[in-house]
Amino acid sequence: MRKYFLIISSFILGTLGSTAQNSGIQSTVKDVETKVDSVLNLMTLEEKVGQMIQYNGSWDLTGPASEVGNKEKEDRLKKGLVGSMLNVLSVEATEKAQRMNMENSRIKIPLIFGYDVIHGYKTIFPVPLGETASWDLEAAQESARIAALESVAQGVNWTFSPMIDISRDARWGRIMEGSGEDTYLTSKIAVAKINGYQGDDLSDPKTIAATAKHFAGYGLAEGGRDYNAVNIGKYELHNVVLPPFKAAADAGVATFMNSFNTIDGIPATGSKSLQRDLLKGKWDWQGFIVSDWGSISEMIPHGFARDKIHAAEIAVIAGSDMDMEGGAYEAGLEQLVKEGKIDEGLINEAVKRILRVKFKMGLFEDPYKYMNANLENEVPYDEHRKTARDIAKKSIVLLKNENDLLPIKSSVKKIAVIGPLADDKDTPIGNWRAQGETNSAVSVLEGLKNTEFNSKITYAKGVALGQGERSFLMPLEINKTDRSGIPDAVAKAKDAELVIMVLGEDAFQSGEGRSQANIGLAGLQLELLKEVQKVNKNIVLVLMNGRPMEITWAAENIPAIVEVWQLGTESGNAIADVLLGKYNPSGKLPVSFPRAVGQEPLYYNRMNTGRPANDLHVTYSHYTDITNGPLYPFGFGLSYTTFNYGDVSLSSEELSEGGSLTLSVPVTNSGDVKGKEVVQLYLHDLVASVARPIKELKGFKMVELAPGETKTIEFIISEEMLKFYGASEKWEAEPGEFKLMVGGNSEELKTVKFNYNK
Ligand code: BGC
C-alpha cells in the first residue's frame, strides 16, 4: 500500500492559518470562456506555467519523480505555481494545501486534487475487468457514482479513471484495470463510468472529474510487457484503440491522460497527431490532457528528447497540458517561451483548458467546495457495501459446471474449502485499491460461513501463494518450495463430499508493472490441485485473478470452474451467493481465455488471414501443437439454466443509405430456474477497402427469463453500425454484403446476411 495519507499529513498540515479565503477572481462574467480569458489575462508567464504543473503530494512514488524537494514544492504552492496535486488524501490535507495556495499566492487559482480511484475509494468494487464481466452498464455507473462520493468525502475531486485501453494480451498486468479486448464494450463502460463519476453537473460537490486514459495504445504493449513499444497500423489504431476515447470525449470527460508508450516510434506523450490534431482538433474536445507520471521526461530515455527542456518543447507542441511529476515543464517552459522556441499562444491554450475545467467544477466560486468535513458522516457506507455485493455477484462468470455440481445441493453435508486464496481477505481488494483497507474483504471462507446451510465446512490452506512483504511497488515473491500444508489439505479433501478450491493470483500479481511471461497457476497451486483431485473428483475451482489465466489442465480435469476475478469488499458473500444458487450467474467474459500463453495476444475479433484453414497439410494459420481458438471465448459464461436461441429474422435483406433493419431473435429459458442472459450481436463486413475482423460486437441486451419463458430480442441495424475507418481515412459504411451473428457468446452464433446499398 502507498503510505500517502501519513506522509501527506506531515507535509501539508499545520503550515498555515485557518482563515477561509475565496478566490480573488470575481465571477461576474457569466460565460465560462469569458471568465477563463479574464483570468488568463491576469497571469504572468511564470504563473501560467505553474498551472501546467502537477505535484505528487507525498514523497512515496509510483515511478521516477521530479527532483523537486518538499520545501521547494511548498514554496511553489505558496507562489501559486502549481496547478494540481495528486495523492493528497483527506479533507484536512486537501484544505491545507488549498489554503497554502489561496492564502499566499498572488493569482489565487484553486488547485484540483487527483487520485487513482479505479474501482472504489473505501468500498471496493470488482476490479474493472471483473466488473465489465457483468455487462451491466447501470452497475458500472453506480459503482463510479459511489466511488466519487466516497472520494469527495476525503477531498479528492478528480480521478484518473476510467482506463479504457483495449488489451488483448493476458500477460499485461494492467489488463485487470480495463474492460478487456473489445472496443464496443469498452466504449459503453467508458461512458457509464464517466457519467457515474461526473454526474450531470461537474460543479455538483458530490461528483468528481474523470480521466480517459491512457491516450493511446498503451494496452497493446509488445509482448504484453508494461511500458513497451506499441506497433500498430493506422487502421487498428482508429478502429480498435481510439473509439472508446472518442466515446469518452463525446461523453464530456473532463480530462485525458496520455501514455508512456511509443506508437510506431513516437511517444504518445509527444504525439501531436493524437493530441493536438485528433483529440483537440478533429474531435473538438475542450478538456485538458495530463501527462502520465513523468511521461514527458521519459521521452529522454525513449530517445526522442535530448533533455527535459527539449522534452517540454515536444510535449507542449504536441498538446500535453499538464506535467505529472515529471519536472520537464518546470525546467523548460518559461525558458522556451523567452527564447522564442515556443509560442506563448501554446501555453495560453493549455492554461485555458485547465482553467475551463476548474471553472466547470465550480472551484472559482468556492475553492473549498470539495472539502466538506461533514460529508463523511453522510456517506451511506452500509448501502455502498450492499451495492458492492450486488455488483460483485453479477461479475462472476461460470465457466464449467459438469454433473450439476453447482449450485451446491443441500444434501451435501461436508465441504472442504482449500487453497491459498480461500481465507485471503486481501487479494479480493485487488490492485489499484485506493483507500480500500488491507485485509478488509470478506473471504470466500467467511462468505460461506456467513450463509446458513447444512454443510459442515473444513478448511486447509494447502500451500501459500506469495511470501514475504507485499506492496504496491515491490515484486511479489511466490512460494515455490513449502509443501508442508499439502497432506492436511489432501486429508480434508478425502473426508469431504465436495471440495471448493480457491486458487488464482495474488492481488499484486496484476496491475502496473506486473506483466508476467507465465499466466498459469503460480507456485505450487497446480500441484496442490492435482494432489486433491487424486482423492476427490468433486471439485469446484473458484478462480480468483486479475487477468485471463492458462488453466487448461483444470478445464480438462475439474468438473466445475467459477471465475470470480477480484471482487472487492464483499467478495466472499457474493461468491457464496453464486455457489449456493442464491444468485444465478449471469457474467460473460470480456476477454478470451487462452489454451496456452503462447497464443497471446488472443482476441475474438481477429482477421481471417488468407489461410484460415486447410484440411490437407500444415500450411494454414495455426500452431501445430495446439487447437486454434481460445479455451473460453469472449462473451462466454454459463448459467444454472440454459438458453435456447430460435431462428434469427431480419426485416429485410437490403439496407439502403440512411435506412435501418430490425433483427429479431426469440430466446427461451430452456432450463428450470430463472436466469439472465446477455444476448450478443456481432457483425462482419465481408469485403471492404481494408480487411475487416471476422466478427465485431455491435450490440448486447440483457434479458431475464423465467423457466420456459420466451422473449423476442430485437436489434436495430443502422448504417452507423457498419462504419469503420477504411481506405478513405474517414468513418464510413461501405456498400456490400454483411453477416450478422447473434448468440450467447462470440462462438456459438446464429447468422443472417444482408446487403448494404448506397
Ligand atoms: C499510471 C497512471 C496513474 C498515475 C498516477 C502512473 O504510473 O500509469 O495510470 O494514473 O501513475 O498514479
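For the set GLU452, GLU677, GLU720, solvent exposure ranked by accessible area (probe 1.4 Å, protein chains only) runs largest to smallest as GLU452, GLU720, GLU677. The C-alpha atoms of segment 536-577 occupy a region whose extents along the principal axes are 31, 23, 11 Å, arranged from largest to smallest. Per-residue extension of 0.36 nm, minus the Cα-Cα distance of SER670 and ALA706, leaves a gain of 12.0 nm for this segment. Between the alpha-carbon centres of segment 128-188 and segment 230-273 there is a gap of 17 Å.
Quick one: compute the contact order of segment 643-757, relative version, from alpha carbon pairs under 8 angstrom and 6+ residues apart, as a percent.
33
Between the alpha-carbon centers of segment 619-667 and segment 37-54, tell me the distance in whole angstrom. Using only Cα atoms, the two centres lie 54 Å from each other. Going by a ≥ b ≥ c, the root eigenvalues of the Cα gyration tensor, does segment 643-757 fall in the rounded group (a/c under 1.5), the prolate group (a/b larger than b/c) or the oblate group? Prolate is the answer for segment 643-757, as a/c is 1.5 or above and a/b outweighs b/c.
Mean sequence separation of contacting Cα pairs (under 8 Å, at least six apart), scaled by the length of the chain, corresponds to a relative contact order of 13 percent. The protection proxy used here, the mean number of other Cβ atoms lying within 10 Å of each residue, ranks peptides 702-708, 721-727, 621-627, 165-171 as follows, highest first: 165-171, 721-727, 702-708, 621-627. Note on segment 78-110 and segment 394-446: Cα centroid distance 43 Å, given to the nearest whole angstrom. The phi-based Karplus calculation (6.51 cos²θ - 1.76 cosθ + 1.60; θ = phi - 60°) puts the 3J(HN,Hα) values of segment 157-168 at 10, 8, 9, 8, 7, x, 7, 10, 6, 5, 10, 10 Hz, whole numbers, x for Gly and Pro. The residues of the chain expose on average 36 square angstrom of accessible surface per residue, using a 1.4 Å probe on protein heavy atoms. Packing-based ranking of 319-331, 512-524 yields 319-331, 512-524, ordered from highest to lowest mean Cβ neighbour count within 10 Å.
Extension gain, ASP204 to LYS534: 0.36 nm times the residue separation minus the Cα-Cα distance gives 112.9 nm.
Taking all protein chains together and rolling a 1.4 Å probe, VAL444 ends up with roughly 0 Å² accessible. Ordered by solvent-accessible area of protein heavy atoms (1.4 Å probe), largest first, the residues THR132, THR668 come out as THR668, THR132. In units of the compact-protein estimate 2.2 N^0.38 Å, the chain shows a Cα radius of gyration of 0.97. Computed from backbone phi with θ = phi - 60° and the Karplus coefficients 6.51, -1.76 and 1.60, the 3J(HN,Hα) list for segment 675-690 is x, 10, 10, 9, 7, 10, 10, 10, 9, 9, 8, 5, 9, 8, 5, 9 Hz; x is used for glycine and proline. Placing a label point 7 Å from the Cα of ASP366 along the Cα-to-Cβ direction, none of the residues of segment 71-91 has a backbone N under 15 Å of that point.
Expressed as a whole percent, the accessible surface of the chain that belongs to carbon and sulfur atoms is 48, based on a 1.4 Å probe. Kirkwood analysis of the Cα pair distances in segment 98-242 returns a hydrodynamic radius of 16.1 Å.
In the assembled protein chains, LYS674 presents an accessible area of approximately 120 Å² (probe radius 1.4 Å).
The solvent-accessible area of TYR197, taken with every protein chain present and a 1.4 Å probe, is close to 0 Å².
Of the residues ASP390, ASP31, ranked by 1.4 Å probe accessible area with the largest first, the sequence reads ASP31, ASP390.
The values are calculated or read from the model by the stated rules, or taken from the named source; none is laboratory data. None of these values were measured; they are calculated from a predicted model. Ideal geometry is used to build each Cβ from the backbone, glycine not excepted, and the neighbour counts take in all protein chains shown. Heads up: the accessible areas ignore ligands, DNA and RNA and are worked out on the full protein's heavy atoms, side chains in. Shrake-Rupley method; radii C 1.70, N 1.55, O 1.52, S 1.80 Å.
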